[in-house]
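The values are calculated or read from the model by the stated rules, or taken from the named source; none is laboratory data. Everything quoted here is computed from the prediction, not taken from an experiment. Backbone-built Cβ (ideal geometry, glycine too); neighbour counts: all protein chains shown. Keep in mind that these areas ignore ligands, DNA and RNA; they rest on the heavy atoms of the full protein, side chains included. Shrake-Rupley method; radii C 1.70, N 1.55, O 1.52, S 1.80 Å.
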Amino acid sequence: MKNFSEWFHNILEEAELMDARYPVKGMSVWLPRGFKIRKYSLQLLEKLLDKEHEETLFPMLIPESELAKEAIHVKGFEEEVYWVTKGGLRELNEQLALRPTSETAMYPMFSLWVRSHMDLPIKVYQTVNTFRYETKHTRPLIRVREITTFNESHTVHATEEEAEQQVQTGIEIYKEFFDALGIAYSISKRPEWDKFPGSKYTMAFDTIMPDGKTLQIGTVHNLGTTFAKTFNIQFENEEGEHEYAHQTCYGLSDRVIASLIAAHGDEKGLKLPPVVAPEQVVIVPIIFKEKEDIVLNFTDKLEQTLKTAGIRTIQDKRDIRPGKKYYEWEQRGVPLRIEVGPRDIENGSIVTIRRDNGNKEFIDYDENTITQTIQNILDDITKELKTASNKFQKEKTYHVETPEQVKKTINKKGGIITCNWCGNTECGKDMEEKYDIDILGTQEAQVEGNCVNCGEKAQHKVLISKTY
Ligand code: P5A
Ligand code: ZN
């Protein structure tokens, strides 16, 4: 695709996912089709989280005094906070922030809930909207000012080891989630200057978009005891002594939907993994005048059979050219199309066309096995979509060894570059400026040799790219 930004913008409209014409910058409307994709994505995520978290719901407004308590945290967000200053005509005594994230809404309450080690661990999540007055160029789903789908998990633990373990668990859950959606990712530890404000460290998921720039699609933070100290989250241990709790938090946003669209889409439009597709199968009856009844009897029954088996199926009986129907459903990303005409019924077969690779197949129709046959094709589509996006991410990740190669690769090819790095902040920031890129973070690896930028002894394998 030649111009990803343009393609992305058009597809939201053409596939009827979102309407970006809402008269507030950075805020858009979810249309029914988009909302269904969002709903199925969330169901998948929440099913994974529900294994060990509980769902909660905290208020959207945060008193200024609470937001301001954690100095580093508030510093990180001060330029992005929307404020409610009036109730009707009256000035409020204390202004209230629209949550940019919910640490400072939740943790004063955690402080009340946690008394003894028996109260720990706490593992909760919520799916809410949050507000960030972003100053960089806003784009639907990718950089928004109302994050409408903010899924945030927060955990509290008695020990540092447990919190460390939870970071791994958070990463595993997100991996499983992205894998199920076929979204490829690279995980790295953000550099000091780019970690979540107030955290000990941040682990981030980045996916390469079709234009070669990366998008951060999820983050897992170890908060250490910083917030526990600020909000006084203390517990009595088994010896009767008071200790500060160890915390983690992790979050995802509308960007998951953006990357889902970007990872699989093509010139024809959307390609949806069956798990989140509003319609998994569309049946198009090919109707000729005198054979109409025969065909529709067949396709009605087929529709019913697939629906009963739990496959989201629709039948397009509109009186328009089949070609127009194909075009529309392909654009909307329906994973599988079934065509049935009088000739097919005579031959005892149906025709299937896969959205992922366009493959057309004649399938012998057997009432008893048809749902399994269709399910198998859908499963294969899921697998192939994931394979393709993993392949893309891998092919667009380059290891380089010299500064010249860094420059050449980033400008020519985009994607993610890995190289040796000393780990020093000054050197890192120098690289960011010099090459006009971002340091995504470091990965654990045995490194030999010197830093690609300053020549000092290398300490890390570092990932760099242009970013959204
Ligand atoms: C973790 C959850 C947090 O806010 N507090 C609770 C922690 N982390 S974060 O990295 O700041 O945000 C989590 C994820 O949200 C996405 N994101 C956005 N998506 C769309 N528009 C935005 N303006 C925006 N800002 C952040 C990122 O994917 C990020 O990883
Ligand atoms: Zn260096």
Scan segment 310-354 for residues that are open to solvent by 20 Å² or more (accessible area, probe 1.4 Å) and either within 30 Å of the chain's Cα centre (by Cα) or over 30 Å from Arg33 (Cα atoms) (or both) and report the count. 18
So, in segment 176-208, of the ones that are acidic (Asp, Glu) and away from ligand 1 (no atom under 13 Å from the Cβ), which residue ends up nearest to Leu272 (Cα to Cα)? Asp179
Of all the helices (runs of 4 or more DSSP H) wholly in segment 29-77, which have at least 3 residues that are in contact (Cβ under 8 Å) with a residue 40 or more places away in the chain and farther than 15 Å from Gln95 by Cβ? 32-50, 71-77
Inter-residue pairs, beta-carbon under 7 Å, first small (Gly, Ala, Ser) and away from ligand 2 (no atom under 16 Å from the Cβ) and in segment 112-138, second assigned to a strand (DSSP E or B) and open to solvent by less than 20 Å² (accessible area, probe 1.4 Å), 6+ apart: Ser116/Phe235
Look at Gly251 and say whether it is part of a strand (DSSP E or B), surrounded by fewer than 24 Cβ atoms within 10 Å (Cβ to Cβ), within 16 Å of ligand 1 (Cβ to nearest atom) and touching a residue at least 40 places away in the same chain (Cβ under 8 Å). yes
So which of Lys394, Lys434, Lys429 ends up being in a helix (DSSP H, G or I) and away from ligand 2 (no atom under 15 Å from the Cβ)? Lys394
Quick one: which of Ile374, Ile417 is over 30 Å from Ile345 (Cα atoms), of a type in the set (Val, Ile, Thr), within 30 Å of the chain's Cα centre (by Cα) and away from ligand 1 (no atom under 16 Å from the Cβ)? Ile417
For segment 39-95, enumerate the residues that are within 27 Å of the chain's Cα centre (by Cα), charged (D, E, K, R) and closer than 20 Å to Val128 by Cα. Lys39, Glu46, Lys47, Asp50, Lys51, Glu52, Glu54, Glu55, Glu80
Exactly one of these conditions fails for Arg21: (1) touching a residue at least 60 places away in the same chain (Cβ under 8 Å); (2) assigned to a loop (DSSP other than H, G, I, E, B); (3) open to solvent by 60 Å² or more (accessible area, probe 1.4 Å). Give me its number. (1)
Please go through segment 438-452 and give me each residue that is of a type outside the set (Gly, Ala, Ser) and surrounded by fewer than 21 Cβ atoms within 10 Å (Cβ to Cβ), ordered by number. Thr442, Gln443, Glu444, Gln446, Val447, Glu448, Asn450
Residues that are touching a residue at least 60 places away in the same chain (Cβ under 8 Å), more than 16 Å from ligand 2 (Cβ to nearest atom) and in contact with a strand residue (DSSP E or B) (Cβ under 6 Å, 6 or more places away or on another chain): list the strands (runs of 3 or more DSSP E) wholly contained in segment 177-248 that include at least 2 such residues. 186-189, 201-208, 214-224, 234-236
Evaluate the following for Glu91: is it away from ligand 1 (no atom under 12 Å from the Cβ) and in contact (Cβ under 8 Å) with a residue 24 or more places away in the chain? no
Filter segment 397-409 down to residues that are more than 19 Å from Ile187 (Cα to Cα) and crowded, with 16+ Cβ neighbours inside 10 Å and give me whichever is farthest from ligand 2 (Cβ to nearest atom). Thr409
Just for segment 125-139: of the residues that are of a type in the set (D, E, K, R) and surrounded by 15 or more Cβ atoms within 10 Å (Cβ to Cβ), which one is farthest from Phe58 (Cα to Cα)? Arg139
Return the residues of segment 190-207 that are aliphatic (A, V, I, L, M) and open to solvent by less than 10 Å² (accessible area, probe 1.4 Å); say none if nothing qualifies. Ala204
Residue set Glu448, Glu384; condition more than 12 Å from ligand 2 (Cβ to nearest atom) and in a helix (DSSP H, G or I); output residue Glu384
Determine which member of the set Val256, Val284 is part of a strand (DSSP E or B), of a type outside the set (S, T, N, Q) and more than 16 Å from ligand 2 (Cβ to nearest atom). Val284
Test for Gly455: is it part of a helix (DSSP H, G or I) and either within 11 Å of ligand 2 (Cβ to nearest atom) or of a type in the set (D, E, K, R) (or both): no
